[in-house]
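Just below is one structure, and these are the notes that go with it.
The values are calculated or read from the model by the stated rules, or taken from the named source; none is laboratory data. Since this is a predicted model, take the numbers as computed values, not measurements. Don't worry about glycine lacking a Cβ; one is built from the backbone with ideal geometry, like all the others, and counts go over all protein chains shown.
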Ligand code: F6P
């Protein structure tokens, strides 16, 4: 019988994590569970950095970016001795089950806890990269796209006024999700993503051709995992003789108030995670597919996500 649950956020923070924490806490308390907040993800779990949370502890956070539980990337948790310390902390504090909120690394940690140490875990997908399976969209991705889009709209104003080529680098080490979405929504002329090969030489020929016909400003969106924006810009200037500028949006994309879509998603998924625990369904990750809330095995959730960028990528290239 589950009486006390822990909740943690781990890996890169994502807007909407706070809304998910709030939902886990309040839904859990409503169902007579005690909820313990674990600070700084798996690092805080290893060090016993815990605090009981009640209804009031999560007041006024639904609209805040970041995570009140703080977060970290924790190498020690990758080791067996680190995991053993974490398990001891859970046992000592009588925590019967864990809700982990985060991305791929967070889920892989939960898989270790469940498969190797039989700690009941449920995952809530929160990462701006939207690179988890079992959910069409992860918490934080919508806000990140909107943040990047706002910046790109502003860049377009100066790009057209000064007839320049802008190379804009967005986040996504292994994922072109933000890049293709923001390129489509912002009307970018080109997008480079880690999932697809590209040819800068060919892109430069298109630019020269367009320039000959009178086009004189471009927005080229580059996912950080595809190329470094400054290198792409240098190459364009070298091959076309046209003026380029570079903007690296960086961590600005991870902050800010979550959009309504992210808050709603986080709230629904937080409650669903608690429901799974109440039903003794562990080793799963919650998500939303075709508008329906569902859950998949954590192992499935971390398999490579197949279809997320391709249709958008193709459309951008047609519309250019
Ligand atoms: O959280 C995902 C992400 O923002 C990636 O898009 C990016 O590559 C990475 O995290 C950056 O990580 P860090 O903040 O640890 O440098």
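For the reader, a short list of remarks on this structure follows.
- Enumeration of residues in region 6-53 that are buried (at least 24 other Cβ atoms within 10 Å of the Cβ), assigned to a strand (DSSP E or B) and under 24 Å from the mean Cα position of the chain (by Cα): 6, 7, 8, 9, 38
- Filter pass, residue 101 being under 22 Å from residue 281 (Cβ atoms), in contact with a helix residue (DSSP H, G or I) (Cβ under 8 Å, 6 or more places away or on another chain) and not in a helix (DSSP H, G or I): yes
- Of the residues screened, residue 60 is not one that is within 16 Å of the ligand (Cβ to nearest atom) and either assigned to a loop (DSSP other than H, G, I, E, B) or surrounded by 16 or more Cβ atoms within 10 Å (Cβ to Cβ) (or both).
- Checklist (1) more than 30 Å from residue 138 (Cβ to Cβ); (2) assigned to a helix (DSSP H, G or I) applied to residue 216, failing item: (2)
- Members of region 238-270 that are surrounded by 20 or more Cβ atoms within 10 Å (Cβ to Cβ), away from the ligand (no atom under 16 Å from the Cβ) and more than 30 Å from residue 203 (Cα to Cα): 263, 265, 267, 269, 270
- Lone qualifier among 113, 69 - being crowded, with 23+ Cβ neighbours inside 10 Å and either assigned to a helix (DSSP H, G or I) or more than 16 Å from the ligand (Cβ to nearest atom) (or both): 113
- Residue match in region 300-309 (condition: in a helix (DSSP H, G or I), surrounded by fewer than 16 Cβ atoms within 10 Å (Cβ to Cβ), modelled with pLDDT of 95 or more and under 20 Å from the mean Cα position of the chain (by Cα)): yes
- Boolean, residue 81 is free of Cβ contacts under 8 Å to residues at least 12 places away in the same chain and farther than 15 Å from residue 42 by Cα: no
Okay, residues lined up against (1) over 17 Å from residue 236 (Cβ atoms); (2) within 12 Å of the ligand (Cβ to nearest atom); (3) at pLDDT 95 or above; (4) surrounded by 24 or more Cβ atoms within 10 Å (Cβ to Cβ):
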| residue | (1), (2), (3), (4) |
| --- | --- |
| 137 | yes, no, yes, no |
| 141 | yes, yes, yes, yes |
| 146 | yes, no, yes, no |
| 153 | yes, no, yes, no |
| 174 | yes, yes, no, no |
| 178 | yes, yes, yes, yes |
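- In the set (1) within 16 Å of the ligand (Cβ to nearest atom); (2) crowded, with 21+ Cβ neighbours inside 10 Å; (3) within 30 Å of residue 260 (Cβ to Cβ), the condition left unmet by residue 77 is number (3).
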